[in-house]
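The values are calculated or read from the model by the stated rules, or taken from the named source; none is laboratory data. In this text the structure is predicted, and so the values were computed from the model without any measurement. A quick note on method: Cβ atoms are made from the backbone with ideal geometry, for glycine too, and the neighbour counts reach across all protein chains shown. Heavy atoms of the whole protein, side chains included, go into the accessibility calculation; ligands, DNA and RNA do not. Shrake-Rupley method; radii C 1.70, N 1.55, O 1.52, S 1.80 Å.
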Amino acid sequence: MGIDPLYAALGKDAGGIVISQVVPSPRPSAIPIVKEYLAAVDNSDQAPSYEGLEGFIAAKAAGEAVRRAGRGFAPGALQRVMAGMTDFDVGGFRINLRPELHDPGRSIDLVSINKDGRVLR
């Protein structure tokens, strides 16, 4: 769920809505992947967001899968490599890409939106 688009659509009516997030907060923290993401965003025209961090984590995992698959891999090989990425640490945030689990992340963070659009944890 995109918090910013939700607030843009609902305005002050979004106040009090609780959303579950499957990635860490994109606010400054000690988590290495968050630090790396914020450094990348700082050098761009983007603002930090849960959606951006989720995409950043997905891109890091996809890049690691391509690295593990090696040169000249076929799509089937990449799929097998990704299915084998269980408990993969992508900078202090662990993901599991094993298909039968449907459990890419193990962290769920509940946040709420106040009437001014601020995210509260």
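Counting only lysines at least 8 places from residue 115 when in the same chain, those with an alpha carbon closer than 24 Å to its own are 12.
Its relative contact order, with pairs defined as Cα atoms under 8 Å and 6+ residues apart, puts the chain at 37 percent. Under a 5 Å amide H cut-off, with hydrogens placed 1.01 Å from N, residue 21 pairs with 109, 110, 111 among residues at least 5 apart or on other chains. Here the chain exposes an accessible surface that is 56 percent carbon and sulfur, computed with a 1.4 Å probe and the other protein chains kept in place. The peptide list 108-114, 35-41, put in order of mean Cβ contacts within 10 Å with the highest first, becomes 35-41, 108-114.
Per residue of the chain, the DSSP helices (runs of n ≥ 4 H) give a summed -39500 (n - 2.57) that works out to -12500 deg cm²/dmol at 222 nm.
Alpha-carbon geometry of the stretch 43-94: the Rg and the Dmax are 13.1, 36 Å, given in that order. Overall, the chain carries a charge dipole of about 280 debye about its Cα centre when +1 sits on the Cβ of Lys and Arg and -1 on the Cβ of Asp and Glu, all other atoms neutral.
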